[in-house]
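Take a look at the structure set out below.
The values are calculated or read from the model by the stated rules, or taken from the named source; none is laboratory data. These numbers come from a predicted model, not from an experiment. Virtual Cβ from ideal backbone geometry, glycine too; neighbours counted across all protein chains shown. With ligands, DNA and RNA removed, areas are computed over all heavy atoms of the protein, side chains included. Shrake-Rupley method; radii C 1.70, N 1.55, O 1.52, S 1.80 Å.
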Amino acid sequence: MNISIDNLVSISEANQNFSKVARLVDEKGTAVILKNNAPRYVLLDFSLLREDNTANDTDVNAIASRILKKHIKAFEELSK
């Protein structure tokens, strides 16, 4: 996830003015709430949550193959 500086809100501001944060989410899609100046919470538009974010079989197989090639010696040792 890319975080824009425009989407950052302090936790105290979110606590005191939640409607402002909600408007930010309506405009930008997300808001990142900072706690102790570090990203801690993400508030996002519910419609974004419903998007299909699953990998297809081809992607999973490619990733699995890459991991297997990288760690083949460990897998061979474990199979003994």
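Things to note:
- Hits in segment 1-21 - residues which are of a type outside the set (Phe, Trp, Tyr) and free of Cβ contacts under 8 Å to residues at least 12 places away in the same chain: 2, 5, 12, 13, 15, 16, 17, 19, 20
Let's see how each residue does on (1) in contact with a strand residue (DSSP E or B) (Cβ under 6 Å, 6 or more places away or on another chain); (2) of a type in the set (A, V, I, L, M):
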site: 18; (1), (2): no, no
site: 39; (1), (2): yes, no
site: 48; (1), (2): no, yes
site: 55; (1), (2): no, yes
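- Just so you know, in segment 10-37 the residues that are part of a helix (DSSP H, G or I) and basic (Lys, Arg) include one that is most open to solvent (accessible area, probe 1.4 Å), and it is 23.
- Unique match (being among the hydroxyl-bearing types (Ser, Thr, Tyr), over 30 Å from residue 6 (Cβ atoms) and modelled with pLDDT under 85) among 79, 47, 65: 79
- The set of residues in segment 51-80 being within 30 Å of residue 29 (Cα to Cα) and exposed (fewer than 10 other Cβ atoms within 10 Å of the Cβ) consists of 51, 52, 53, 54, 56, 57, 58.
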